[in-house]
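The values are calculated or read from the model by the stated rules, or taken from the named source; none is laboratory data. These numbers come from a predicted model, not from an experiment. Note: ideal-geometry Cβ built from the backbone for every residue, glycine included; neighbour counts use all protein chains shown.
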Amino acid sequence: MKSDLLVVHGTADPGVAITVQLVDAAGHVAAQASDSANPSGVWTTPMKITGVPDGQYTLAVTATLGAQVSQPASMPVTIGRTLPDVVVTAVDGDGRLFPILTGTGSPGATVHAAVGSAERTTSVDPQGNWTMTVIDGLTAGDNTIALTQTLSGHTSSPLAVSLPMRAPVLSPASTWSGVVFAGDAGAGIEQRTDGGAWVPGMLDTTGQLTVPIPAGTAIIDVRYAQADRYGLTSTLAIP
């Protein structure tokens, strides 16, 4: 069961009023619904079970025609709400840029991505699709995120997704005359000094770019970048 609606159906004499009760182990009525058998004798009772705990119950069905009420027909039923695992259909990022994940889930559910103590959420749209960018909690090297979806207070089992990340490397040029950025050949980067504005650049065919160090600079940062996306930051302190 994936919702708070329990649908019970059956057959009876046409026109008979049907009452369906969900009875707990103590004999208390936890939920109830009613319907009338149609001219073909078919009846259906959607029963709301919001707030009814998961567990073992008995379905008791009675039929009423005029002043006559049948003996209840009963059967055991287990209420156990579960959600399917969230599905990841694509990971866009290549390890350089913070990844954009897309996937499918239960419409209306909230998708949670947990990386260590960091968490990011997004919603599943009415068509069952979702997307999110994972930033917080990722570090250079291998990362494993746990993805779940939650709906009506119920959470799916976690899905483990591997998200390896890498960042450009900084090293000083000879006698600290400049700094060398090294990484993937031809990759776009951004650099900044002392927490200022990011300046775009590109690594050459050997995967390097050397830039001078402005006088008085204390910190240089670099990260992979493309359009309005970026990745992890590497930092070099200038002595």
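Residue check: is T89 under 30 Å from A167 (Cα atoms) and among the polar types (S, T, N, Q)?
In short, yes.
Return the residues of the stretch 71-106 that are part of a strand (DSSP E or B) and within 29 Å of T50 (Cβ to Cβ); say none if nothing qualifies.
Going residue by residue through the stretch 71-106, those that are part of a strand (DSSP E or B) are 73-79, 87-92, 100-104.
Those that are part of a strand (DSSP E or B) and within 29 Å of T50 (Cβ to Cβ): A73, S74, M75, P76, V77, T78, I79, V87, G103, T104.
If you scan the stretch 36-70, which residues turn out to be part of a loop (DSSP other than H, G, I, E, B) and under 35 Å from the mean Cα position of the chain (by Cα)?
If the condition is that a residue be part of a loop (DSSP other than H, G, I, E, B) and under 35 Å from the mean Cα position of the chain (by Cα), then I49, T50, G51, V52, P53, D54 are the ones that fit.
Considering only residues that are part of a strand (DSSP E or B) and over 17 Å from the mean Cα position of the chain (by Cα), which ones fall in the stretch 119-174? Write out each step before concluding.
From the stretch 119-174, those part of a strand (DSSP E or B) are 119-123, 129-133, 141, 144-151, 154-155, 159-162, 165, 169-172; that's our starting set.
Result: G141, M165, V169, L170, S171, P172.
Tally time: how many residues in the stretch 137-162 are farther than 29 Å from G51 by Cβ and surrounded by 13 or more Cβ atoms within 10 Å (Cβ to Cβ)?
Final tally of qualifying residues: 6.
Could you tell me whether V179 is surrounded by 15 or more Cβ atoms within 10 Å (Cβ to Cβ) and at pLDDT 95 or above?
No; evaluated as a whole, the condition is false for this residue.
For the condition surrounded by fewer than 13 Cβ atoms within 10 Å (Cβ to Cβ), assigned to a loop (DSSP other than H, G, I, E, B) and at pLDDT below 95, what is the one hit in G216, G196?
Values: G196 fails: at pLDDT below 95.
It is G216.
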